[in-house]
Amino acid sequence: MSSNSPIGSQVSLTQFKNVDNKTGEVNNGYIEADDLKDCKSTKIDQSDVAHYDHHIDPANGQANGHVVDVDGSYDESGEFLLKKKEFDPKSANLCSRGVMVAQEGLAYLWNNNKRIIMAVFGIICLMLYVAYFAYAMYYRFGDEGSIRLLVCTIIGVLLLVYNMVVSKRIGFVKEHINKFTTGSDKAKIRRIIRWVLYLMSTVAMVTLIIIFVAIDEPRNLLSLAGLAAFLLICFLTSHSPAMVNWHPVFWGFSVQFYFAIIILKTRWGYETFNWLGDRITEFLAYSNAGAAFVFGDYAKITPFNGPPIEFTGIYTLHYFAFAIMPIITFFSTVISILYYLGIMQAIIKVIGHFLSFCLGTTPTESLNAAANIFVSMTESPLMIRPFLATMTASELHAVMVGGFATIAGGVLGAYIGFGVPADHLLSASVMSAPAALAISKLTYPEVEIPIVKSQNFNRIEKSNEGNVIEAACNGAVLSAKIIACVVVNVMAFLSLLKFVNATLTWFGDRVGIKDFTFELICSYILYPVAIFMGTEPDDCRQVAELVGVKTFTNEFIAYQKLSVLIKNRKEYLRYIGQFGSNMTYHFSGDDLILNNWNNTRLVKGIMSHRSEIIATYALCGFSNIGSMGILLGSLSAMAPSRRKTMARIIFRAMIAGNIACFFTACIAGLFFQEFD
């Protein structure tokens, strides 16, 4: 360091008259570190360049004309670390030295016995919880709260046992299974067992269809024809039909089939998911506390002549912006906390193992499909980010289809806020995971040799937050990006849709066609899709319209339109309940007019409950034109070397994601049943 360097003292930058070698101009301001090579300074040696930076006044964020020493370094996370002060313990008083020695002793004890301390702490917490659980069950059992506590405890114990015991022993079991499944001397036995399982599952599915559908609801069999039609379309348009491995296709359909039987055809399965849906709705309602505080919950209006009028729930007057969007923030925060605690990874690992075992898919495909049940298509690939650069095109296609065929937890809460049934949204998210893998492997079969091994289940990317507060903060901040994306997309596409409809209406008027709109076109073009899913014939045009809006704009707008139809049906049922056989109505175009209610207009009419449920499943995915750019951009950022491959298959993946949603809707239409 030169002797005339002012390091360690604050010197006015006006002392340094800098002459730019390129322009010859005099600069009495800052000395930029990158510009010192082109400047002549009368006071600063260029050897000290690395030690200078601008001193910014914290009051106004502007330069205050001083030079400061910024010697330091960056850690692995990118945080800037300054040098520590040199400290001589002997210079401190006796009390301070004693505290310091105690702190160092505790730090040494923690660093050398961290695992033992955490184990003891965990055991104590577990014992305390067991005592609380036992007393809670003794004190009050039988009400909804006790059932909730029991279910959560059972799930927690199962996850704990799996991740602490089963996941550590599963490698030993897999080793023996792999010897059997890969050994050349066992090929004949494997083939026999595989075909026996195929036959048993097929017989079971046919029997269940006859018992639950053909006898009770034969009209639902149309959805079965739709399943066959979608499978045939996928096979005929497959990237390589001759190389299709039907094992994941068959078992993906089978898993979805049995899951639908449990949810839609059994009383306990239906009530379980209905209970889960109610609990999720109840949980998301806590977002109202933050929304009410930020946007206001109370208003008082004093008329000119009259008593003051008080209002509560003011924020719900702008329901979409001030009630729906806060749900996304709340849910995103909770998901981030669960990731930090490792709970989300534990759940995803269990589901991923299950899908991989049943379908024979690779760990990366299975983990991504499991993650898509809970998080969005841009967040789930983060868990397998280390593998993206070396995945096959078929695996990348499966990752994309999984994202397109499902929705994120945050927006799921928003759709529940619209009034869409929470239990069916939840079951649609779960059922679409195996469907996405099955359709993906049919439309783009494996034509390369995967290099990702089964051991990679344990290499899930973990949260890098320092504590739970940082995790919550990051989740809330991340939601701002999601909300901004939702808001601008809804504004843009609604405006664009309005313009397109106005243009089409104008062209239609030129030739005498009234109400010629984008929705009208979709209602006819996509009519076969709606009818194949098992929609009631009278509702096919409405469902086709919703599918078209979802595919060419986004699912948010489609669900908003569906929520209107759901509310219309409830209003119509209330109308019938009030007037009975004396009620009258008439149609005005597609709108239903209720005569006895002062000609109340139900815009777009009503749909049957069955058609509403089919539409709920068909719309439950991000598979639309706009999402292609979002997914391609995020995946390209994680694996830039695979950008060309991703760009080549992204459109095929979007179509496959739509078909996976239609596939799930067919299953829902096949097994739909009204429960009292």
Can you report the number of residues in the stretch 136-158 which are open to solvent by less than 60 Å² (accessible area, probe 1.4 Å) and of a type in the set (A, V, I, L, M, F, W, C)?
5
Examine the stretch 616-634 for a residue that is closer than 30 Å to Lys570 by Cα and touching a strand residue (DSSP E or B) at 6+ places or on another chain (Cβ under 7 Å), and state whether such a residue exists.
no
Of the residues in the stretch 288-302 that are open to solvent by 50 Å² or more (accessible area, probe 1.4 Å) and in a loop (DSSP other than H, G, I, E, B), the one that is modelled with the lowest pLDDT is Thr302
For the stretch 221-274, give me each residue that is under 19 Å from Pro445 (Cα atoms), surrounded by 20 or more Cβ atoms within 10 Å (Cβ to Cβ) and either at pLDDT below 90 or small (Gly, Ala, Ser) (or both).
Gly252, Ser254
Look through the stretch 117-135, keep the residues that are of a type in the set (A, V, I, L, M) and open to solvent by 80 Å² or more (accessible area, probe 1.4 Å), and return whichever of them is farthest from Leu106 (Cα to Cα).
Val130
Show me the helices (runs of 4 or more DSSP H) entirely contained within the stretch 190-287 in which 2 or more residues are farther than 30 Å from Ile327 by Cα.
222-236, 246-260
Please work out if Ile469 is within 29 Å of the chain's Cα centre (by Cα), assigned to a helix (DSSP H, G or I), modelled with pLDDT of 90 or more and loosely packed, with under 13 Cβ neighbours inside 10 Å.
yes
Does the stretch 323-345 contain at least one residue that is polar (S, T, N, Q), at pLDDT below 75 and either part of a helix (DSSP H, G or I) or farther than 30 Å from Ser254 by Cα (or both)?
no
If you go through the stretch 304-321, how many residues are open to solvent by less than 50 Å² (accessible area, probe 1.4 Å) and out of contact with any strand residue (DSSP E or B) (no Cβ under 7 Å at 6 or more places or on another chain)?
4
Pick from Ser479, Ser563: which is modelled with pLDDT under 90 and either of a type in the set (Gly, Ala, Ser) or part of a helix (DSSP H, G or I) (or both)?
Ser479
How do the pairs read when you match residues in the stretch 292-303 that are within 12 Å of Ile314 (Cβ to Cβ) and hydroxyl-bearing (Ser, Thr, Tyr) with residues anywhere that are at pLDDT below 85 and assigned to a helix (DSSP H, G or I), using Cβ under 7 Å and keeping only pairs 6 or more apart or on different chains?
Tyr298/Ile314
Out of Ala414, Ala428, Ala393, report the one residue that is on the phi < 0 side of the Ramachandran plot and surrounded by fewer than 24 Cβ atoms within 10 Å (Cβ to Cβ).
Ala393
Flagged in the stretch 607-632 as open to solvent by 50 Å² or more (accessible area, probe 1.4 Å) and closer than 24 Å to Ser427 by Cβ, in numbering order, are His609
Determine, yes or no, whether Ile531 is among the aliphatic types (A, V, I, L, M) and touching a residue at least 60 places away in the same chain (Cβ under 8 Å).
yes
Yes/no for Tyr572 being at pLDDT 90 or above and more than 29 Å from Val486 (Cα to Cα):
yes
What single numbered condition from (1) surrounded by fewer than 22 Cβ atoms within 10 Å (Cβ to Cβ); (2) modelled with pLDDT of 90 or more; (3) part of a loop (DSSP other than H, G, I, E, B) fails to hold for Ile649?
(3)
Options Phe387, Phe404; residue that is at pLDDT below 90, aromatic (Phe, Trp, Tyr) and surrounded by 22 or more Cβ atoms within 10 Å (Cβ to Cβ):
Phe387
Return yes or no: is Asn596 modelled with pLDDT under 90 and surrounded by 11 or more Cβ atoms within 10 Å (Cβ to Cβ)?
yes
Name the single residue that is most open to solvent (accessible area, probe 1.4 Å) among those in the stretch 522-579 being hydroxyl-bearing (Ser, Thr, Tyr) and over 12 Å from Ala615 (Cβ atoms).
Tyr524
When residues of the stretch 420-459 are limited to those that are β-branched (Val, Ile, Thr) and not in a loop (DSSP other than H, G, I, E, B), the one modelled with the lowest pLDDT
Val430
Given the structure, is Ile324 touching a residue at least 60 places away in the same chain (Cβ under 8 Å) and open to solvent by 10 Å² or more (accessible area, probe 1.4 Å)?
no
Selection count where residues are open to solvent by 10 Å² or more (accessible area, probe 1.4 Å) and touching an Asp or Glu at 6+ places or on another chain (Cβ under 9 Å), scope the stretch 652-676:
3
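The values are calculated or read from the model by the stated rules, or taken from the named source; none is laboratory data. These numbers come from a predicted model, not from an experiment. Quick reminder, even Gly has a Cβ in these numbers, built from the backbone with ideal geometry, and neighbours come from all protein chains shown. In case anyone asks, the SASA skips ligands and DNA or RNA and just uses the protein heavy atoms, side chains included. Shrake-Rupley method; radii C 1.70, N 1.55, O 1.52, S 1.80 Å.
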